[in-house]
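S.K.: Just dropping this structure here.
The values are calculated or read from the model by the stated rules, or taken from the named source; none is laboratory data. Predicted, not measured: the structure shown is a model, and the values here were computed from it. Using ideal geometry, Cβ is built from the backbone for each residue, glycine included, and neighbour counts are taken over all protein chains shown.
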């Protein structure tokens, strides 16, 4: 496995673990007490707030915000000491925001510029520009505001 790559201008705070092989883009902010596994690819200008663990197989686009204690998962049928041949990470597309304490199930995709509300439990893909809240997460509206 290749060494980790951390882009220029990225800030990594105290008590952060970045495993060998992880790729983190430029100008990111990785806050305290986070973990990024080795098979994670993260774009530029991403903010990962405290208490987040991003597991193998996850892909994070550019300009993504991940709120404190958001929970990622990558194994639909976890068992102790029994691992899948490939982990099903979470994909978060450019410009999306994940609220504090949201839970993202394995293999889902969060659409471009969408928003996941705090505490939401996301069990299926979220379309681009959708706002989802609740357990299970449901679409409550779509964003139509053009943001550059």
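S.K.: So which residues in the range 120-148 are buried (at least 17 other Cβ atoms within 10 Å of the Cβ) and either in contact (Cβ under 8 Å) with a residue 60 or more places away in the chain or on the phi > 0 side of the Ramachandran plot (or both)?
M.R.: The answer is 129, and nothing else.
S.K.: Something else: Taking the condition over 14 Å from the mean Cα position of the chain (by Cα), at pLDDT 95 or above and not in a strand (DSSP E or B), does residue 107 pass? Please lay out each step first, then the result.
M.R.: Values: over 14 Å from the mean Cα position of the chain (by Cα): no; at pLDDT 95 or above: yes; not in a strand (DSSP E or B): yes.
Here the answer is no, as residue 107 does not meet what is asked.
S.K.: Pick out the one residue from 111, 107 that is under 20 Å from residue 59 (Cα atoms) and touching a residue at least 24 places away in the same chain (Cβ under 8 Å). First the steps, then the outcome.
M.R.: Details: 111 fails: touching a residue at least 24 places away in the same chain (Cβ under 8 Å).
Unique residue meeting the criteria: 107.
S.K.: Also, I was wondering about something else. Do you know which residues across the range 114-141 are more than 19 Å from residue 61 (Cβ to Cβ) and not in a loop (DSSP other than H, G, I, E, B)?
M.R.: Scanning the range 114-141 gives 121, 133, 138, 139, 140, 141.
S.K.: Something else: Taking the options 140, 122, 90, 126, name whichever one is in contact with a strand residue (DSSP E or B) (Cβ under 8 Å, 6 or more places away or on another chain) and more than 27 Å from residue 39 (Cα to Cα). Walk me through how you get there before you give the answer.
M.R.: On the way: 122 fails: more than 27 Å from residue 39 (Cα to Cα); 90 fails: more than 27 Å from residue 39 (Cα to Cα); 126 fails: more than 27 Å from residue 39 (Cα to Cα).
Answer to the selection: 140.
S.K.: Another one. Would you check which residues across the range 1-25 are exposed (fewer than 14 other Cβ atoms within 10 Å of the Cβ) and either on the phi > 0 side of the Ramachandran plot or part of a loop (DSSP other than H, G, I, E, B) (or both) and list them?
M.R.: 1, 2, 3, 8, 9, 13, 14, 15, 20
S.K.: Of everything in the range 26-38, what is surrounded by fewer than 19 Cβ atoms within 10 Å (Cβ to Cβ) and either assigned to a loop (DSSP other than H, G, I, E, B) or touching a helix residue (DSSP H, G or I) at 6+ places or on another chain (Cβ under 6 Å) (or both)? Give them in sequence order.
M.R.: 26, 27, 32, 33, 38
S.K.: Do any residues in the range 77-94 that are at negative phi have Cβ atoms under 8 Å from those of residues that are surrounded by fewer than 10 Cβ atoms within 10 Å (Cβ to Cβ) and part of a loop (DSSP other than H, G, I, E, B), where the two are at least six apart or on different chains, and which pairs are they?
M.R.: Close Cβ pairs (under 8 Å, with a partner that is surrounded by fewer than 10 Cβ atoms within 10 Å (Cβ to Cβ) and part of a loop (DSSP other than H, G, I, E, B)) amount to 84/77.
S.K.: Is it the case, given these coordinates, that residue 84 is under 25 Å from residue 29 (Cα atoms) and not in a strand (DSSP E or B)? Give the derivation first.
M.R.: Details: under 25 Å from residue 29 (Cα atoms): no; not in a strand (DSSP E or B): yes.
Taking the combined requirement at face value, the residue does not satisfy it.
S.K.: For the range 58-72, indicate whether the set of residues that are on the phi > 0 side of the Ramachandran plot, free of Cβ contacts under 8 Å to residues at least 60 places away in the same chain and crowded, with 21+ Cβ neighbours inside 10 Å is non-empty. Spell out the reasoning first.
M.R.: The first filter runs over the range 58-72 and keeps only residues on the phi > 0 side of the Ramachandran plot, leaving 63, 69.
Filter once more, so that each one left must be free of Cβ contacts under 8 Å to residues at least 60 places away in the same chain: 63, 69.
Filter again for crowded, with 21+ Cβ neighbours inside 10 Å, leaving none.
Among the residues of the range 58-72, not one is on the phi > 0 side of the Ramachandran plot, free of Cβ contacts under 8 Å to residues at least 60 places away in the same chain and crowded, with 21+ Cβ neighbours inside 10 Å, which makes the answer no.
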